[in-house]
Amino acid sequence: MQIRQYIMDNIQQKKWKPNDKIPSENELAEQFKVSRITVKKALDSLVEEGIIYRIQGRGSFVAKEEDSENIIYQNKVSQQNSNKLIACIIPRLNSQFITIMVGEIEKLLSQHGYRVILCQTYDSQQLETQTLKEVLRLGVDGIIIYPAEGETYNEEILKLTIEKFPLVLIDRYFRGIGANSVCTDNILGAYEATKHLLDLGHAKIGIISSIPEGTTSIEDRIKGFEKALTEYNIPIDHHLYLLDLTLGEHDNTNKDKIRDFLSNHRDITALFVINNGLTVMEVALEMGYTIPQDLSIIMFDDYEFSHLLKVPPTCMRQQEKLLGQEAVKLIISTIENPLQKRQQIFVPPKLIVRSSTAPFKVKSN
């Protein structure tokens, strides 16, 4: 990233003009104290974009502006024929959280004269990259993207960020890529959720989630969970962690994992469930647990018909509309001023107490 930015800065500031030779791989490796492989990767990406070109045996040179494919990243709002078009890229439209947030985004952008292209990636990083390239070819003025689950890095998003293209990440962010983002304050939310259980007297608290690696929202919720335990002097016990579920709410494999986990940890009196919350409650009830008398459960995210469930769940409710509003404000301001300082906006969730949590009671023999 630093090598790319260094080269781009020199070109944009006209220090290096078209057909000028840039420093060699060895010189850049020495300057940045990295291997030649790292330098080669940075140069390869710039060649692919048409920013520089190579001549065998002679080195790398600055491309002519008309040859550069980087033109697709330029801000189109300055052009008279701006499409007033924004792409909203999401993993899938399958939850109350995403539906409400995307609905708010579309409504507000429409009020500002923008049309929205809605694209689903189905949590495929390959499809996400392909979709980004396709919407750029369509000439969108900006992109709002909810990254795929488990994704730690996306080269297309890195390129767009470096080139100051109007882009906003929602729900999560990428560590090390200073892109605009609007997220729920997941550390705070998980902290408050766990604190709710601790204040009810629970000490043996389990945590259930899909695989956290690469998904900052899940990683931050685990941090918030552990922060609350630490403040209450409760030892962190990784035996009480189940962190390998899939995203399918009704996946039988998930049910088997949850059943085994609860069977092997009968001393757990409360659960903080990051996702797959309804499946966890279903399995617990099937196993004969009485909720909340035997097992208190709090989950992150709400469900549309929670009030109709046998045990309406206590949850941390994300403020979907507020997230959508902040994303729209940020993408529009970035379109109007692509050089503005990038922002990370965190929206606090709300604790909704229902029937699935109760004070801890010592079981009589």
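What's the longest bit of the chain with no exposed GluC sites (Glu not before Pro), using DSSP loop states and at most 12 other Cβ atoms within 10 Å as the test? Write down the numbers at each step before the final one.
Values: sites that count: Glu213, Glu304.
In the chain, the maximal stretch lacking such sites is 1-212.
By DSSP, what percent of the beta bridges with both residues in the chain are antiparallel, rounded to the nearest 5?
20
Which length gain, in nm to one decimal place, applies between Gln12 and Ile352 when the Cα-Cα distance is subtracted from 0.36 nm times their residue separation?
117.3 nm
From the square roots a ≥ b ≥ c of the eigenvalues of the alpha-carbon gyration tensor of the range 148-266, which class results: rounded (a/c under 1.5), prolate (a/b over b/c), or oblate?
Details: a/c = 3.05, a/b = 1.66, b/c = 1.84.
It is oblate, given that a/c is not under 1.5 and a/b is not larger than b/c.
Taking the Cα centre of the chain as origin, sum charge times position over the Cβ atoms of Lys and Arg (+1) and Asp and Glu (-1), and report the length of that vector in debye to the nearest 20.
720
Only helical DSSP H runs with n ≥ 4 go in: add -39500 (n - 2.57) per run for the chain, normalise by residue count and round the 222 nm mean residue ellipticity to 500 deg cm²/dmol.
-12000 deg cm²/dmol
Based on the alpha-carbon gyration tensor of the range 76-151 and its eigenvalue square roots a ≥ b ≥ c, which shape applies: rounded if a/c is under 1.5, prolate if not and a/b is larger than b/c, or oblate?
Oblate shape, in that a/c is at least 1.5 and b/c is the bigger or equal ratio.
List the equivalent ellipsoid semi-axes of the range 248-365 in whole Å, largest first, each obtained as the square root of 5λ for an eigenvalue λ of the Cα gyration tensor. The partial results should precede the final answer.
Working: eigenvalues 282, 48, 34 Å².
Computed over the range 248-365, the values are 38, 15, 13 Å.
Using a 10 angstrom cutoff on alpha carbons, build the Gaussian network for the chain and name the most mobile of Ile352, Ile55, Ile22.
Fluctuation is largest for Ile55.
For the chain, the longest stretch holding no trypsin sites (Lys or Arg not before Pro) located in a DSSP loop with at most 13 other Cβ atoms within 10 Å is which?
Formally, the longest exposed-site-free interval is 65-174.
What accessible area per residue comes out for the chain, rounded to a whole number of Å², with a 1.4 Å probe? Let's see the in-between values first.
Working: 17420 Å² over 365 residues.
Value returned for the chain: 48 Å² of accessible area per residue.
Could you please state how large a percent of the accessible area of the chain is carbon and sulfur, counting protein chains only and using a 1.4 Å probe?
The nonpolar share, carbon plus sulfur, comes to 51 percent.
The values are calculated or read from the model by the stated rules, or taken from the named source; none is laboratory data. Note that the structure is a prediction, hence the values are computed from the model and not measured. Using ideal geometry, Cβ is built from the backbone for each residue, glycine included, and neighbour counts are taken over all protein chains shown. Surface accessibility is based on the protein's heavy atoms, side chains included, excluding ligands, DNA and RNA. Shrake-Rupley method; radii C 1.70, N 1.55, O 1.52, S 1.80 Å.
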